[in-house]
Amino acid sequence: MSIRSKRKEEHLVLAQTFFQSEKANSFDQLHLLRPALPETKVDLAAIKTTMFGKEINAPFFINAMTGGSPKSLTINKELGKIANQTKMGLALGSASILVKEHAQLDSFLVAREANPDGVIIANVNAKTAPKDAQKIVDELQADALQIHLNTVQEIAMPEGERDFHWLDNLKNLRQEITVPIIIKEVGFGLDQATIRLLKNEGFEWFDVAGSGGTNFAQIENARNQNDLSYLEDLGLPTVIAAMMAQKEEVNLIVSGGVRNPLDVFKGLCLGGQYVGISNVFLQAMEQNSPEFLLQMIQNWQHELAGLLAIYGQKDLTNLTSIKQYFDLPLQDLIMQLS
Ligand code: FNR
């Protein structure tokens with residue numbers, strides 16, 4: 001197995017080792033004011049929406065994880081089937097490996113084959129050449145392309161990148177890629193200044209991928225001889241990252257540490273057009289079965305419709321107007337960063 005495939009397999013093992021389903025995070029410190037008499041009813045049609053021009057059943061999706069290794073192939077095939085059955089978006093893990101190891105294509109393509117008409121989002125790193133990224137988009141018939149910014153992860157990674165001059169390549173990618181581009185982090189959060197900088201370069205979609213869930217400093221540190229555990233606290237909590245990002249009036253995706261349908265709902269109330277979930281879904285499948293994950297996602301769709309009814313909403317159009325209030329530690333951080 002190549003070093004890149006082996007790394008993905010190690011990430012999968014460690015993502016499971018460190019997974020804590022109930023870990024507290026910034027979503028716990030955000031609250032929403034609820035009308036006691038909402039005059040609504042639970043309606044699955046209320047959460048239906050579109051994603052990159054295709055209809056989806058709910059505004060949450062499976063965010064980038066796997067591809068490029070044997071275990072990834074099995075996982076992507078199952079995730080593709082589930083995305084198809086639940087009519088939800090699916091982002092695949094970084095396909096930059098295909099530039100050097102094209103034989104790994106099948107481990108990504110299985111998801112598209114299992115979900116021929118649904119939303120598939122490809123993912124590459126920020127230094128992938130535009131022609132290579134476009135080839136990946138074409139081969140996967142991707143509806144959008146995520147580009148991940150992951151400096152903390154790279155530094156924590158023993159074999160990681162050490163040169164972060166990425167902007168010129170990002171500008172070239174923006175000019176040449178034919179599908180919408182989403183700039184995302186990998187669990188340390190996008191800051192407002194970076195979003196503004198990239199917005200000024202013409203980028204439109206941003207997934208904050210904040211801290212509170214999967215911690216790649218922790219995962220990489222377990223693969224590293226040196227102790228870099230101090231990097232684990234560098235993340236910007238998802239709720240704060242989303243609030244700052246919202247000020248830039250960009251197309252926003254909220255992700256990082258989403259554990260349940262209430263976190264999804266809060267992500268939408270923070271201005272997310274979609275909410276992304278990675279490890280919670282992966283572990284539901286890995287620690288149980290694909291059938292378990294399928295049922296869980298169907299439950300989440302019903303429960304999200306239930307939350308809309310509780311909060312007096314008939315559809316997804318007005319969620320940012322719901323009154324939000326915060327526990328003091330979070331409020332303090334928000335004030336310091338505003
Ligand atoms: C990831 N993530 C990720 N992100 C990315 O942009 N490209 C990738 O290849 C991967 N690979 C990957 C593998 C595994 C096993 C996990 C768990 C995660 C990061 C992911 O998309 C997300 O940003 C973070 O995991 C935070 O979300 P959760 O896990 O807290 O919901």
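The values are calculated or read from the model by the stated rules, or taken from the named source; none is laboratory data. Fair warning: this is a prediction, and the values are worked out from it, not measured in the lab. Virtual Cβ from ideal backbone geometry, glycine too; neighbours counted across all protein chains shown. Protein only, heavy atoms only, side chains kept; ligands, DNA and RNA dropped before computing areas. Shrake-Rupley method; radii C 1.70, N 1.55, O 1.52, S 1.80 Å.
So how much slack lies between L33 and R223, counting 0.36 nm per residue of separation and subtracting their Cα-Cα distance, in nm? Before the final figure, lay out each step's value.
Values: separation 190, 0.36 × 190 = 68.40 nm, distance 4.37 nm.
Roughly 64.0 nm would be gained on extension.
Only loop residues by DSSP count here, and only those with at most 15 other Cβ atoms within 10 Å; note down the trypsin sites (Lys or Arg not before Pro) in the range 245-317 that meet that.
Values: sites: K247, R259, K266, K314; in loops: K247, R259, K314.
Passing sites in the range 245-317 are K247, K314.
Using mean Cβ contacts within 10 Å as the protection proxy, how do 278-284, 192-198 order, highest first? Before the final figure, lay out the partial values.
Working: 278-284: 21.1, 192-198: 17.0.
Going from most to least packed, we get 278-284, 192-198.
Could you check what % of the DSSP bridge pairs in the chain are antiparallel, to the nearest 5? Walk me through the numbers on the way to the answer.
Working: 6 of 32 bridges.
The antiparallel fraction comes to roughly 20 percent.
Could you provide, to the nearest whole Å², the per residue accessible area of the range 3-337 with probe 1.4 Å?
Values: 14430 Å² over 335 residues.
Using a 1.4 Å probe on heavy atoms only, each residue of the range 3-337 averages 43 Å².
Hey, what do the phi angles of the range 186-191 turn into as Karplus ³J(HN,Hα) couplings, whole Hz, using 6.51/-1.76/1.60 and θ = phi - 60°, x for Gly and Pro?
Once rounded to whole Hz, the list reads 10, x, 10, x, 7, 8.
Write down the percent of antiparallel bridges among all DSSP beta bridges whose residues are both part of the range 1-158, to the nearest 5.
Numbers: 3 of 12 bridges.
Around 25 percent of the beta bridges assigned by DSSP in the range 1-158 are antiparallel ones.
Tell me what the chain gives for mean residue ellipticity at 222 nm when only DSSP H runs of n ≥ 4 count, each as -39,500 (n - 2.57), the sum divided by the residue total, rounded to 500 deg cm²/dmol.
Details: 14 runs with 144 residues, N = 338.
-12500 deg cm²/dmol, from helical runs alone.
If a helix is a whole DSSP H run, which ones in the chain reach 27 Å or further along their own axis (Cα) and hold a mean Kyte-Doolittle hydropathy of at least -1.0? Please report the intermediate quantities before stating the final value.
Details: long enough: 290-310 (30 Å, 0.44).
Membrane-span-like by this rule: 290-310.
Just grab the label-to-label distance for E113 and F19, each label 7 Å out from Cα along the Cβ direction, in nm (one decimal).
2.5 nm
Can you tell me how the range 73-122 classifies by the Cα gyration tensor, rounded, prolate or oblate, using a/c under 1.5 as the rounded cut?
Working: a/c = 2.55, a/b = 1.99, b/c = 1.28.
Cα axes put the range 73-122 in the prolate bin.
Tell me the trypsin sites (Lys or Arg not before Pro) within the range 27-72 that lie in a loop according to DSSP and have at most 13 other beta-carbon atoms within 10 Å.
Numbers: sites: K41, K48, K54, K71; in loops: K41, K48.
Hits after loop and neighbour filter: K41.
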